[in-house]
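Student: The structure under discussion is supplied below as structure tokens; questions concerning it will follow.
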Protein chains: 2
Amino acid sequence: MTTQVNILLTGNELMNGDVIDTNSVMFAQQLNDIGLTIRKKVTIADDLLLLQAEIVQLSQTAEVLIINGGLGPTIDDLTSQALAQACGVDLHLNPDAHLHLQKWAKRRNAKLNKPNLKQAYLPLGCEIVANETGSAVGFSIKLGQCLIICTPGVPSELTHMLKDEIIPNLQQLFPIPTKHSLVRFQTFGLGESTLQALVNDNLPDWPNEIEIGFRAAMPVLEIKLSAQCQKGKAILPQWQNKLRDLLGDHILSTGKTNHITIADYLVPLLMKSQQRITLAESCTGGLIASQITAIPGASAVFEAGFVTYSNDMKSKMIDVPAATLINHGAVSKETVLAMAKGALAKSNADYVIAVSGIAGPDGGTKDKPVGSVWIAWGNQQALHAKYYCIPVARQYFQQIVAARSLDLVRRKLINSQESPHYDQVSYNKFIK
Amino acid sequence: MTTQVNILLTGNELMNGDVIDTNSVMFAQQLNDIGLTIRKKVTIADDLLLLQAEIVQLSQTAEVLIINGGLGPTIDDLTSQALAQACGVDLHLNPDAHLHLQKWAKRRNAKLNKPNLKQAYLPLGCEIVANETGSAVGFSIKLGQCLIICTPGVPSELTHMLKDEIIPNLQQLFPIPTKHSLVRFQTFGLGESTLQALVNDNLPDWPNEIEIGFRAAMPVLEIKLSAQCQKGKAILPQWQNKLRDLLGDHILSTGKTNHITIADYLVPLLMKSQQRITLAESCTGGLIASQITAIPGASAVFEAGFVTYSNDMKSKMIDVPAATLINHGAVSKETVLAMAKGALAKSNADYVIAVSGIAGPDGGTKDKPVGSVWIAWGNQQALHAKYYCIPVARQYFQQIVAARSLDLVRRKLINSQESPHYDQVSYNKFIK
């Protein structure tokens with residue numbers, strides 16, 4: 001029997017449809033990873049009586065109760081008060097929480113106001129859980145046989161607290177009886193159903209003892225192989241190799257990562273080979289540059305990006321000949337190749353990406369519909385260009401163009417001889 | 001007292017983190033719109049005993065219980081069975097549901113198989129709810145005083161069923177006694193605790209009849225005022241005005257919006273005044289440009305952005321004098337002003353933002369610690385520059401710098417005479 005966890009989410013914004021609850025997914029994935037099972041999840045508004053009653057009830061049916069939300073400084077944040085009442089203890093000024101708040105305020109050169117200070121009033125007898133990023137500490141207390149842990153509702157704060165504090169602690173408190181074996185691949189360029197079909201077609205005798213799971217975290221798709229029994233564990237390495245051979249360079253990395261963009265995989269490759277990259281962006285409008293510069297140490301591989309949104313600026317900033325624009329249009333092979341050449345010349349970088357397309361919702365034509373994009377990429381020795389048509393909403397279009405562009409350079413850097421799957425699925429009838 | 005609704009969501013995929021629950025948002029928004037309140041939401045896995053127990057419990061605390069999921073053809077779809085057991089009735093082949101399935105199969109030129117037929121076995125005495133799109137009908141039944149409605153988990157099927165069947169029915173069964181009044185403000189630049197403190201200090205006699213709620217959706221913070229009773233509704237306009245006066249130009253807009261960045265508020269202002277903006281970005285590395293170009297129609301206000309990450313490229317791309325960089329450093333008032341002037345000259349735009357800072361984690365010095373940033377903004381007539389120190393993790397730093405930069409231009413465009421709150425909280429001891 002695995003350890004059971006109940007989850008209690010609180011917040012008016014969760015009840016009136018103002019926000020989508022993504023914290024639940026975080027809890028589920030991370031608790032499952034350490035072998036804990038979520039038994040029940042309850043969501044209620046910021047209502048003291050309801051909160052108190054739920055805490056009592058949920059603490060009686062699981063070994064762990066995690067409460068999420070209601071730790072903020074405002075009067076509708078009621079978790080501490082409800083928990084104190086459920087446990088039959090008073091709220092008091094917790095010295096550890098107070099110290100945390102003082103440090104937090106000092107870092108921002110601000111004074112603690114009264115609403116802030118409310119966050120240090122916690123149930124007597126609780127232990128605090130560090131919060132590296134926000135003002136509200138987490139805290140834990142026992143009620144009967146149940147360990148209750150209170151966590152902040154702000155997703156970024158929760159992420160840190162789970163990773164650094166709560167998960168390692170729970171892992172120690174509730175070790176998994178028999179550890180299951182786990183292998184993960186991060187992939188890009190194959191959809192979930194395509195992956196499933198590829199496995200069905202090419203590895204039809206996939207063993208029951210190895211479970212395949214998928215976790216989509218656009219643009220990366222994680223594949224998880226897990227084995228519980230002895231036989232499964234024994235054959236896992238050989239099937240892991242078969243799957244790796246099948247997926248080829250669609251695999252970005254093996255093992256667990258928190259990488260969220262393809263730039264996370266490309267920048268280390270550039271660093272390792274001491275190569276710099278530059279960008280000439282039209283339809284992605286700076287998105288590719290921002291994904292590269294989101295990574296610490298990006299200055300080693302990136303000096304300049306050119307966001308050339310208008311035709312005029314394509315010529316002025318990176319010397320795209322006016323004739324090219326007039327004869328072929330801004331969304332053309334000739335233009336992106338000229339953009340790539342110009343950006344390389346102006347920046348002295350080794351690698352380049354140039355993109356020009358129609359992000360929509362307006363601006364499409366019969367020949368070049370919304371979703372059309374030309375991508376040029378390469379280096380001084382060899383520049384390539386490809387057309388894709390990705391007819392999705394503007395922001396997804398920009399994200400996909402950024403991901404594919406970065407992936408094309410990644411493939412060049414690892415000398416991939418494969419054709420990525422997205423080359424097959426995109427229809428090319430509009431290529432001129 | 002408004003009508004209370006409980007929601008019960010079922011599905012293993014909701015418990016293991018494989019999907020994000022978006023149906024809840026659909027329920028909440030549509031039920032709120034017709035004046036119903038969601039009291040509690042419970043999510044559990046596909047477990048017969050747990051389901052049955054929850055149905056009984058949730059039916060005792062609300063006038064309506066909506067069950068979502070578990071209507072499918074597979075063995076882990078258990079809603080009908082659990083509901084029948086909870087109501088103490090048998091499952092039988094429901095003729096209406098059977099007819100629906102036969103029509104559904106005929107449309108697809110398919111034969112009903114045994115798993116399909118399972119979907120027509122419903123609790124005795126229930127009424128079916130039409131499903132225009134899928135194979136599973138919904139159904140409703142009374143348990144004690146509670147109306148229980150079972151709905152499909154597939155979002156597209158749920159959408160239709162809610163809109164066409166359930167919402168109109170509930171509206172008729174539970175007419176709104178008196179509609180509550182609601183006012184929303186989108187704000188930027190004030191934290192939740194500061195807002196609460198501002199209200200406490202300046203509007204100490206805030207009436208109980210008007211509820212204040214906050215929703216943080218970084219970087220925007222939404223404030224929601226709601227009044228249920230007659231008195232509250234009568235005085236809402238005057239307190240809304242008082243709050244508006246208090247918050248001044250920290251208010252981005254009034255009413256409900258889905259805007260997620262400050263660019264969403266700035267771009268329409270630029271469009272309206274037919275002004276164009278350009279950017280010279282160092283530490284934000286293209287993020288500001290990408291936020292502007294994420295907005296449809298951005299080409300009307302944006303032609304070019306300069307991502308000048310290295311010193312050398314600041315000089316080459318936008319003519320920052322080498323002497324300025326040598327004498328004052330890249331993170332200095334002189335440099336950002338030169339970047340702003342250069343970008344304006346090269347792009348012929350009307351407005352400009354230039355940023356240079358130390359995003360970290362490395363690169364800080366004693367005089368210019370990680371988190372330091374100079375922002376220049378303005379137009380040909382007047383350029384301004386300000387120093388902030390925002391010592392937070394790299395990606396948050398970049399997001400906050402982008403938001404403040406855009407907000408500073410927004411304030412200039414609306415001729416704001418105020419000093420934004422973030423000018424007070426940031427310490428300026430490092431200003432040279």
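Student: Identify the residue in the stretch B:16-48 that is of a type in the set (Ser, Thr, Tyr) and part of a strand (DSSP E or B) and, among all such residues, is nearest to the other protein chains (Cβ to nearest Cβ).
Tutor: Out of the qualifying residues, it is B:43.
Student: Would you check if residue A:326 is over 26 Å from the mean Cα position of the chain (by Cα), in the same structural domain as residue A:408 (by TED's automatic domain parsing) and farther than 28 Å from residue A:269 by Cβ?
Tutor: yes
Student: Right, another one. For the stretch B:374-427, how many residues are open to solvent by less than 10 Å² (accessible area, probe 1.4 Å), more than 17 Å from residue B:351 (Cβ to Cβ) and away from chain A (no Cβ under 14 Å)?
Tutor: Final tally of qualifying residues: 1.
Student: Report whether or not residue B:67 is modelled with pLDDT of 95 or more and more than 14 Å from chain A (Cβ to nearest Cβ).
Tutor: Yes: the conditions hold for residue B:67.
Student: Does residue A:106 meet the test of being under 30 Å from residue B:198 (Cα atoms) and not hydrophobic (A, V, I, L, M, F, W, C)?
Tutor: Yes, satisfied.
Student: Same structure again: Pairs please, first residue from the stretch B:208-227 and outside the structural domain of residue B:193 (by TED's automatic domain parsing), second anywhere and modelled with pLDDT under 90, Cβ atoms under 9 Å, 6+ apart in sequence or on different chains.
Tutor: Going by the 9 Å Cβ cut-off, there are no qualifying pairs.
Student: Being under 21 Å from residue A:395 (Cβ atoms) and open to solvent by 10 Å² or more (accessible area, probe 1.4 Å) is the filter here, so list the residues in the stretch A:321-358 that pass it.
Tutor: A:330, A:331, A:357, A:358
Student: Taking the options B:195, B:173, B:221, B:162, name whichever one is open to solvent by 50 Å² or more (accessible area, probe 1.4 Å), among the aliphatic types (A, V, I, L, M) and at pLDDT below 95.
Tutor: Every option except B:173 fails the conditions.
Student: I've got another one for you. Considering only the stretch B:212-319, give the helices (runs of 4 or more DSSP H) lying wholly within it that have at least 3 residues that are within 14 Å of chain A (Cβ to nearest Cβ).
Tutor: Ranges flagged: B:263-272, B:287-293, B:311-318.
Student: Oh, and also: Checking the condition modelled with pLDDT under 95 and on the phi > 0 side of the Ramachandran plot, which residue from A:248, A:255 passes?
Tutor: A:255
Student: Another question about this same structure. Conditions: (1) touching a residue at least 24 places away in the same chain (Cβ under 8 Å); (2) open to solvent by 10 Å² or more (accessible area, probe 1.4 Å); (3) not assigned by TED's automatic domain parsing to the domain that holds residue A:215. Residue A:189 meets all but one. Number of the miss?
Tutor: (3)
Student: Right, here's the next one. May I ask you to list the residues in the stretch A:61-75 that are under 25 Å from the mean Cα position of the chain (by Cα) and either among the acidic types (Asp, Glu) or open to solvent by less than 10 Å² (accessible area, probe 1.4 Å) (or both)?
Tutor: Those that are under 25 Å from the mean Cα position of the chain (by Cα) and either among the acidic types (Asp, Glu) or open to solvent by less than 10 Å² (accessible area, probe 1.4 Å) (or both): A:66, A:67, A:68, A:69.
Student: Taking the condition of being in contact (Cβ under 8 Å) with a residue 40 or more places away in the chain, open to solvent by 10 Å² or more (accessible area, probe 1.4 Å) and within 14 Å of another protein chain (Cβ to nearest Cβ), how many residues in the stretch B:360-373 meet it?
Tutor: So the count comes out to 1.
Student: Same structure again: Collect the residues in the stretch A:242-279 that are of a type in the set (S, T, N, Q) and either crowded, with 19+ Cβ neighbours inside 10 Å or within 18 Å of residue A:403 (Cβ to Cβ) (or both), keeping them in residue-number order.
Tutor: Listed by number, the residues that qualify are A:253, A:257, A:258, A:261, A:278.
Student: To continue, here is another question. Just for the stretch A:20-46: of the residues that are farther than 22 Å from residue A:223 by Cα and within 18 Å of the chain's Cα centre (by Cα), which one is least open to solvent (accessible area, probe 1.4 Å)?
Tutor: Within the stretch A:20-46, the match that is least open to solvent (accessible area, probe 1.4 Å) is A:21.
Student: For the list (1) part of a loop (DSSP other than H, G, I, E, B); (2) open to solvent by 10 Å² or more (accessible area, probe 1.4 Å); (3) not aliphatic (A, V, I, L, M), I need the number of the one condition that residue B:13 fails.
Tutor: So residue B:13 meets the others, but not (1).
Student: So if I check each of A:62, A:86, A:110, which one is within 14 Å of chain B (Cβ to nearest Cβ) and either on the phi > 0 side of the Ramachandran plot or in contact with a helix residue (DSSP H, G or I) (Cβ under 8 Å, 6 or more places away or on another chain) (or both)?
Tutor: Step by step, each of A:62, A:86, A:110 is checked, and only A:110 is within 14 Å of chain B (Cβ to nearest Cβ) and either on the phi > 0 side of the Ramachandran plot or in contact with a helix residue (DSSP H, G or I) (Cβ under 8 Å, 6 or more places away or on another chain) (or both).
Student: Would you check which residues across the stretch A:57-116 are within 27 Å of residue A:27 (Cα to Cα) and of a type in the set (Asp, Glu) and list them?
Tutor: Selection gives A:63, A:76, A:77, A:96.
Student: Now for a separate question. Give the residue, chosen from B:117, B:78, B:124, B:83, that is at pLDDT 85 or above and open to solvent by 80 Å² or more (accessible area, probe 1.4 Å).
Tutor: Of the residues listed, the single one that is at pLDDT 85 or above and open to solvent by 80 Å² or more (accessible area, probe 1.4 Å) is B:124.
Student: Of all residues in the stretch B:130-146, count the ones that are open to solvent by 30 Å² or more (accessible area, probe 1.4 Å) and more than 29 Å from the chain's Cα centre (by Cα).
Tutor: Result for the stretch B:130-146: 6.
Student: How do the pairs read when you match residues in the stretch B:117-137 that are of a type outside the set (A, V, I, L, M) with residues anywhere that are open to solvent by less than 10 Å² (accessible area, probe 1.4 Å) and part of a helix (DSSP H, G or I), using Cβ under 6 Å and keeping only pairs 6 or more apart or on different chains?
Tutor: From residues that are of a type outside the set (A, V, I, L, M), the pairs are B:123/B:83; B:123/B:84; B:131/B:161.
The values are calculated or read from the model by the stated rules, or taken from the named source; none is laboratory data. Just so it is clear, the structure is predicted and the values come from calculations on it, not from any experiment. As a convention, Cβ positions derive from the backbone with ideal geometry for all residues, glycine included, and neighbour counts pool all protein chains shown. The accessibility values were calculated without ligands, DNA or RNA, using every heavy atom of the protein model including side chains. Shrake-Rupley method; radii C 1.70, N 1.55, O 1.52, S 1.80 Å.
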